[in-house]
1. Using a Gaussian network model of the chain whose springs link C-alpha atoms within less than 10 Å, name the residue from 172, 182, 133 with the highest mean-square fluctuation.
2. Sum up the charges of everything whose Cβ sits under 15 Å from the Cβ of residue 65, counting Lys and Arg as +1 and Asp and Glu as -1, but leave residue 65 out.
3. Given a 1.4 Å probe, how much area per residue of the chain is accessible, in Å²?
4. To the nearest 500 deg cm²/dmol, what mean residue ellipticity at 222 nm is calculated for the chain from DSSP H runs of n ≥ 4 alone, each contributing -39,500 (n - 2.57), summed and divided by the residues?
5. Considering the options 119, 137, 184, tell which one lies farthest towards the positive end of the dipole of the stretch 107-202, charges being +1 on Lys and Arg and -1 on Asp and Glu at the Cβ, about the Cα centre.
6. What dipole magnitude, in Debye to the nearest 20, does the chain give about its Cα centre under +1 on Lys/Arg Cβ and -1 on Asp/Glu Cβ?
7. Counting only other residues whose beta carbon sits under 9 Å from that of residue 185, what net charge do I get with K and R as +1, D and E as -1?
8. Within straight cross-link reach of residue 27, meaning Cα distance under 16 Å, which aspartates and glutamates are found once same-chain residues fewer than 8 apart are removed?
Amino acid sequence: MDLWFYIADLAGVAVFAIAGTLLAFRKQMDGFGVVVLASVTAIGGGTTRDLILDAPVFWLHDPIYFIVIGIAALFTITWLRFKAFIPLNYLLAADALGIAFFTVLGTEKALQAGVSPMVAIILGTMTAVFGGLIRDVMARDIPMVLKSELYATTCIAGAVVFVLLYDVQQNLAMIAAMLTTLFLRYGGIRYHWSLTVFKEHH
């Protein structure tokens, strides 16, 4: 089971590195900007989680994470050299897949650390959204987490599903939580689902 979580973690890092590279492309950044955005998107949330848990930061003793980031960024750059344009929906789709991976992984690591289910849900959500938050701030975009469409709420829902099913069957919990997060996030992207609080005044 630990192997599956590790593979999913690397997959999430790769997807978020792609999302960071795509945004760097849209902002016409240089090579250094690509590396920075790809890296902070991929490892920012997990690093924040580990620091809060007072746990060893996951990438310090495992260079595979940076190898994956480099390969994902290089693949994206190569692909973009032929396409020369990237639709915004591609960035949103990559980001949605990334938060689905990281919601599960962050929640699972928090539960393994012995925190309460509620704290695990919070840390799972932070793992999923903080990398993208840092990325968007650095790129001078409005962070996706602050926009009207469902975003952090999808991570909370996915983390809740994971916590509820964790003691039943971990594979089932992982799949169900990821599908919940993806379904709600894609609904937010496609149909503009939101939790609107304030009404517009004309």
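The values are calculated or read from the model by the stated rules, or taken from the named source; none is laboratory data. What you are looking at is a predicted structure, and each value in this text was computed from that prediction instead of being measured. Ideal geometry is used to build each Cβ from the backbone, glycine not excepted, and the neighbour counts take in all protein chains shown. These accessible areas exclude ligands, DNA and RNA; they are computed on the full protein's heavy atoms, side chains included. Shrake-Rupley method; radii C 1.70, N 1.55, O 1.52, S 1.80 Å.
1. 172
2. Values: positive: 49, 109; negative: 9, 50, 62.
So the surrounding residues net to -1.
3. Solvent-accessible surface per residue comes out at 53 Å².
4. Working: 7 runs with 152 residues, N = 202.
Helix contribution divided over all residues of the chain: -26000 deg cm²/dmol.
5. Comparing the listed Cα positions along the dipole, 137 ranks first.
6. 680 debye
7. Summing Lys/Arg as +1 and Asp/Glu as -1 gives -2.
8. The reachable aspartates and glutamates, counting only those whose Cα sits under 16 Å from residue 27, are 136, 141.
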